[in-house]
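See below for the structure under consideration.
The values are calculated or read from the model by the stated rules, or taken from the named source; none is laboratory data. None of the values given here were measured: they were computed from a predicted structure. Neighbour counts run over all protein chains shown; Cβ positions are idealised from the backbone, glycine included. Side chains are part of the model used for accessible areas, which takes the heavy atoms of the whole protein and leaves out ligands, DNA and RNA. Shrake-Rupley method; radii C 1.70, N 1.55, O 1.52, S 1.80 Å.
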Amino acid sequence: MRPRIALLGFSIECNRFAPVATERDFAARTLMRGDAMLADARSDAPHMLGELPGFIADMDADGAWEPVPILLAMAEPNGPVEQAFFDRLMAEWETGLRHAGRLDGVYCVLHGAGLTTADHDPEGTLLSLVRRVAGPGTPVVASYDLHANVSEANVALVNGYIGYRTNPHLDMRERGAESAQLLRRLMSGTRTHLARIRLPIVPPTVTMLTGKDAHERPYGELIDLGQRRMREPPYAGRVLNVSVMGGFAYADTPFNGLTAVVTATDPEAAHALAQEIAAAGWARRDRFRATLTSLEDAVRRAKDTENLAVPALIFADVADNPGGGGRGNTMWILEAFHQADVRNALVGVIHDPPLAEEAHRQGEGARFTARFNRGGGDEFAKPFAVSATVRRLHDGTMRGRRGIYANNTLALGPCAALQLDGITVVVISNRVQCADPVFFEAFGLDIAAARVVVVKSRGHFRGGFDEFFQHEQVVEVDAPGLTSPVLSRFPWKNMPRPVLPIDPAAEWPP
C-alpha cells in the first residue's frame with residue numbers, strides 16, 4: 001500500500017519589534033495550497049524554499065507514494081503574524097487534515113521562530129492541531145531553521161526533529177530529504193525518543209556562522225561535534241538526528257536560548273548526547289559576543305579601497321537585515337559613504353517602493369532628486385534626499401544564482417539601479433535581504449570590478465558573494481536598526497533572564 005503523507009507548513013522568522021505581518025506578506029513569498037504546492041516543489045525554479053522540494057524529490061525517488069498537500073505559508077522575516085490571519089490558516093490546516101482520509105505520516109515545514117500577535121509559539125499550536133487530528137500513533141516529522149527557539153511542544157509533539165546545519169543556509173533541500181528518510185523509518189516501525197536541553201545563552205546573530213573560513217565559529221563547532229559524535233560509540237546506530245538550534249533573539253520568547261535537540265531510538269542516548277553538546281556549548285559561552293566595526297571606521301576602510309593595493313571590501317549592514325525582520329531601508333551607511341565620496345561602490349538592496357515607482361516613471365537616463373524613506377516607517381527610517389540618475393530599470397522577476405536563493409524564482413517588484421555620484425544603489429519594491437549576486441547582476445553591474453559593496457544582510461550574503469569576497473574582506477558594521485547584534489539595545493520583555501551575553505552573568509548547572 002502506498003503511504004499517504006500530509007504536507008503542510010508555516011515558516012516565518014518573527015522579530016518582536018518589527019511591524020505586524022499580514023496575509024499580503026505571505027502572498028508575496030509563498031502561500032500555496034493543494035496541487036500548486038506539488039507543482040512548485042517539483043519545478044526547476046520553485047518560489048518556495050528548499051525543504052519541501054527536497055522532501056518530495058526524495059519520496060519520489062524512493063517509489064510510489066500519495067502526497068496529501070494541504071497548505072504552505074512561508075514569508076520573509078517580519079514582525080508577529082496577525083492573529084486573525086493565523087486563525088484562518090489554522091482552520092484550513094484542520095479542514096485539510098480531517099478530509100485527508102487515511103494518513104500514514106505527516107511532514108511539517110516549520111521555522112521555529114514564529115510569533116503571532118497573541119501567541120509565543122504558533123508552531124507549537126499548529127503541531128498540537130496535527131497531533132490532535134492525526135492521532136498519537138501517526139508519525140510526524142518537522143524540519144526547522146537553525147534559528148528556531150525550541151519550545152517543549154516543538155519537541156514533544158513530533159517523532160523527528162530536524163534542524164538546518166549550515167549558516168548561511170545552504171542545506172535546506174538536504175534537510176527536507178533527511179526528513180523524508182526519517183519519516184520512512186518511522187512508518188516502517190522505528191520508535192524514537194527526543195531530548196532537548198536549553199542553555200542560558202542567546203547568541204548574537206553574527207556569532208552563529210558555520211562556514212569553515214570564519215575565524216570565530218563556536219556555533220559551527222557545536223554542530224560539527226554533534227554530527228561527529230552521533231556516528232561514534234556509544235551513539236552510532238542509536239542517534240538518528242542531532243540539531244543544535246542557535247535561536248532567534250529578536251523573537252523575545254520565554255524559551256529563547258541555544259538548544260540541543262537529539263532524536264534517538266532510546267531515551268538514554270538522546271539525553272546523554274544532548275547533555276554532552278550542551279556542556280560543550282557552555283564551555284564556549286564567552287565566545288558568543290558580537291564584535292562589530294564602527295561606522296566611522298567603516299567609512300575609513302571604504303575610502304582606503306581607492307588604493308588598489310588594498311583588497312575590495314563587502315560591508316554588511318547587519319542591523320538592518322530584512323532576513324531578520326529589518327525593513328531594509330536605513331540610511332546610515334549609504335549617507336555616510338556618500339558624504340565621504342566613496343567611489344566605485346554598489347549598495348543594495350534598499351526597500352523603498354515609492355522611490356522604485358518614481359524611478360520607473362522618470363525612465364532610464366533621467367536625473368532627479370531621489371527621496372529615500374519619504375513615507376517614513378519605523379524609528380530607523382531616516383529620510384535622505386540626493387541627486388540621482390536612473391541607470392537601469394527591472395521588473396524584479398529573477399532567478400536566484402547562489403546561496404540561500406539558488407534556483408529560486410524571486411519577485412522583487414519594480415526595481416531600479418540609481419547612480420549617486422560614485423555609488424550605484426539598487427532599490428526594490430518587495431522587501432528581501434541582499435543575499436544573491438543576481439540582485440546586482442540583473443542590472444548589468446559588475447561586482448568583481450567594484451571596490452566597495454554594501455549589502456542589507458546579516459550572514460546569508462556570505463553564501464552568495466563568497467566567490468567575490470573572502471571572510472577577511474567582510475566588514476560587519478555597527479549601525480542602528482531592528483536587527484542590531486548588540487542585544488543590550490532592545491527592551492526585552494519575555495526572554496528568560498539572566499542570559500548571556502545580555503546579562504553580565506548567568507548560571508547553568510549541568
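What the table shows:
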| quantity | calculated |
| --- | --- |
| Between helix 83-98 and the chain: long-axis angle, C-alpha atoms, 0 to 90°, nearest 10 | 40 degrees |
| Kirkwood estimate for region 1-81, i.e. one over the average of 1/r between Cα atoms, Å | 13.6 Å |
| Between region 409-482 and region 300-374, the alpha-carbon center distance in angstrom | 9 Å |
| The chain - accessible surface per residue (Å², probe 1.4 Å) | 36 Å² |
| Length added when fully stretched, residue 385-residue 44, from 0.36 nm per residue minus Cα-Cα | 118.6 nm |
| Dimensionless Rg/Rh of region 368-416 - Kirkwood Rh, Rg from C-alpha atoms | 1.11 |
| Pairs of alpha carbons in region 285-355 whose separation is greater than 21 Å (percent) | 35 percent |
| Overall Cα dimensions of region 269-407 - principal axes, largest extent first, Å | 66, 37, 33 |
| Prolate/oblate/rounded call for the chain, Cα gyration tensor, a/c under 1.5 rounded | prolate |
| Set 212/456; 212/493; 382/456 screened for pairs whose C-alpha atoms are more than 26 Å apart | 212/493 |
| Fraction of the pair-distance distribution of region 433-510 above 17 Å, Cα-Cα pairs, percent | 59 percent |
| Candidate residues 271, 351: accessible-area rank, largest first, probe 1.4 Å | 271, 351 |
| Sites residue 378 and residue 310, calculated FRET efficiency, Cβ-Cβ separation with R0 30 Å, nearest 0.05 | 0.30 |
| Stokes-Einstein D in µm²/s, Kirkwood radius over Cα pairs - region 232-290 at 20 °C with 1.002 mPa s viscosity | 169 µm²/s |
| Largest-first principal axis extents, alpha carbons of region 361-488, Å | 38, 37, 28 |
| In Hz, Karplus ³J(HN,Hα) per residue of region 201-206 (6.51, -1.76, 1.60; θ = phi - 60°; x = Gly, Pro) | 10, 10, x, x, 4, 6 |
| DSSP-defined antiparallel bridges as percent of all bridges, the chain, nearest 5 | 45 percent |
| Carbon and sulfur %, accessible surface of the chain computed with the full protein complex present, 1.4 Å | 49 percent |
| Rounded tilt (10° steps) of 51-62 against the dominant C-alpha axis of the chain | 50 degrees |
| Inter-site label distance for residue 92 and residue 221 at 7 Å from Cα along Cβ, in nm | 4.5 nm |
| Cα pair distances of region 168-286 binned at 5 Å [whole percent] | 2, 11, 20, 22, 21, 15, 7, 2, 0 |
| Sparse-neighbourhood loop sites, trypsin sites (Lys or Arg not before Pro) in region 19-128 - DSSP loop, at most 10 other Cβ within 10 angstrom | 102 |
